[in-house]
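The values are calculated or read from the model by the stated rules, or taken from the named source; none is laboratory data. None of these values were measured; they are calculated from a predicted model. Note: ideal-geometry Cβ built from the backbone for every residue, glycine included; neighbour counts use all protein chains shown.
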Amino acid sequence: MPPAYVKTCRDLLCYEAAKLEAVAARRPGDARFILDRVKTLRVGPLRFDEVEDPARCLFDGIEAAPGGEWLVPLEKGGLEVASNLVPACESCRASKGNRDVLAWYKDRRVRVPRAVWRRYLRAIYDTWEKQGILEGPVPASEAKRWSTVDVER
Ligand SMILES: [Zn+2]
């Protein structure tokens, strides 16, 4: 479970982003570091510096096929926005199919790579912003789903 200061949808996204930063800074799980980063991230729109190679599949790094893949399929509530579309190869697209990307990893019992998690946070940020729920409480269904995500460390 996230700490008590995580109250809104925005808080949750910033908290997850801060945990990623803590890992990158070789301070995984450092609560003080994470809280400081959350305070900073919370102020503006959630952005990441890392830029992916559009020619490489986000999931396995091989040559991407034209068209890309939706992290959250449109029919599962995903938005038709750039942050929800990622470069992907034919093989990953076929394997993932119509699943949410987190469900795809979970079903295969594979940990979610940090680069994928980062992209997912961005897509969800844009989705929740568009839905106007960023400053609202985290829906119980989402809190439950997120608490079981197994991200690579
Ligand atoms: Zn691939």
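At least 2 residues that are farther than 22 Å from GLY44 by Cα in each: list the helices (runs of 4 or more DSSP H) lying fully within the stretch 80-134 that qualify. It comes to 90-96, 101-108. Residues that are in contact with a helix residue (DSSP H, G or I) (Cβ under 9 Å, 6 or more places away or on another chain) and aliphatic (A, V, I, L, M) were ranked within the stretch 50-63; the one that is nearest to the ligand (Cβ to nearest atom) is ILE62.
All of (1) of a type outside the set (Gly, Ala, Ser); (2) closer than 15 Å to VAL112 by Cβ; (3) near the ligand (Cβ under 10 Å from one of its atoms) hold for LEU71 with one exception: (3).
Okay, residues lined up against (1) within 14 Å of the chain's Cα centre (by Cα); (2) among the β-branched types (Val, Ile, Thr); (3) modelled with pLDDT of 90 or more; (4) surrounded by 13 or more Cβ atoms within 10 Å (Cβ to Cβ):
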residue: LEU35; (1), (2), (3), (4): no, no, yes, yes
residue: LEU41; (1), (2), (3), (4): no, no, yes, yes
residue: ASP49; (1), (2), (3), (4): no, no, no, no
residue: ARG108; (1), (2), (3), (4): no, no, yes, no
residue: ASP126; (1), (2), (3), (4): yes, no, yes, yes
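Between residues in the stretch 50-65 that are without any contact (Cβ under 8 Å) to a residue 60 or more places away in the chain and part of a loop (DSSP other than H, G, I, E, B) and residues that are β-branched (Val, Ile, Thr) and surrounded by 13 or more Cβ atoms within 10 Å (Cβ to Cβ), which pairs lie under 7 Å by C-beta distance while being six or more apart or on different chains? Pairs that qualify, where the first residue is without any contact (Cβ under 8 Å) to a residue 60 or more places away in the chain and part of a loop (DSSP other than H, G, I, E, B) and the partner is β-branched (Val, Ile, Thr) and surrounded by 13 or more Cβ atoms within 10 Å (Cβ to Cβ), are PHE59/VAL116.
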